[in-house]
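Just so it is clear, none of the values below were taken in a lab; they were calculated from the coordinates. The model shown is predicted, which means the values in this text are computed figures rather than measured ones. So basically every Cβ, Gly included, is an ideal-geometry build from the backbone, and we count neighbours across all protein chains shown.
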Amino acid sequence: MAGKSFESLKIENIVASGAIAESIDLAALAENLENCELNKKRFPGAVYRIKNPKIAALIFSSGKIVMTGIRSPEGLTEGLKVIVNAMNSAGFPTLKEPQVVITNMVCSYDLARYINLNKVVVTLNLENTEYEPEQFPGLVFRIKDPKIVVLIFSSGKLILTGGKNLEDIQKGLDILTQKLESIM
């Protein structure tokens, strides 16, 4: 089953973070950069939105950045270039090589079949699962290696999170589908 093709696997969101500059004057940045907002009462960083690729970046005075809304690893590279170029053009020096890495990927997958969650929770290792249908309609399954959390819904739809790359997500999906096949 390893190396199985997961055609319906779709990246929904990538979060990346790291350092983009030594330090940043956020008030000046928000004044000089279009689509950049700063509201210190509500949040300690500036929120900078770019349109292509569509990404929201949280920029902090320490020079740290958190980027979200990314849809592909290539989107991270493109978005980072856009942000660095915009900051440099507005007179805000950035690191020559920003150290920004993927910290979390959220993907969706459709097993294309009904899942009996009660049967799954009884059969799977209980210490790795949580299922309280009165609280939340999905079963939470935690995989230790790679460290992935999967939300399993009776419709067969899955949400996988915690991976730092697609390989981790696919390995987690592989582990889950093997466990499900053994009980279905």
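Measuring nothing but how far apart in sequence close Cα pairs (under 8 Å, 6+ apart) lie, relative to its length, the chain scores a relative contact order of 23 percent. For F141, F60, the sequence from fewest to most other C-beta atoms within 10 Å is F60, F141.
A simple rule links phi to the HN-Hα coupling: the Karplus curve 6.51 cos²θ - 1.76 cosθ + 1.60 with θ = phi - 60°, which for region 26-39 gives 5, 4, 5, 4, 4, 6, 9, 10, 5, 6, 10, 10, 9, 9 Hz, with x for Gly and Pro. Toward the positive end of the charge dipole of the chain, with +1 on the Cβ of Lys and Arg and -1 on the Cβ of Asp and Glu, the farthest Cα among S62, V149, A28 is that of A28. Ordered by the count of other Cβ atoms within 10 Å of each Cβ, fewest first, V149, V100 give V149, V100.
For region 16-102, the relative contact order comes to 40 percent (Cα pairs under 8 Å, sequence separation of at least 6). Note on K144: lysines with a C-alpha under 27 Å away, same-chain residues under 8 apart excluded, are K4, K10, K119, K157, K164, K171, K179. 3J(HN,Hα) along region 58-75, derived from phi through the Karplus expression 6.51 cos²θ - 1.76 cosθ + 1.60 where θ = phi - 60°, amounts to 9, 10, 10, 4, 6, x, 7, 9, 10, 10, 9, x, 6, 10, 7, x, 5, x Hz, with x in place of Gly and Pro. Between region 62-83 and region 14-52, the alpha-carbon centres lie 12 Å apart.
Between amide H atoms placed 1.01 Å from N, distances below 5 Å from L111 occur with K157, L158, all of them 5 or more places distant or on a separate chain.
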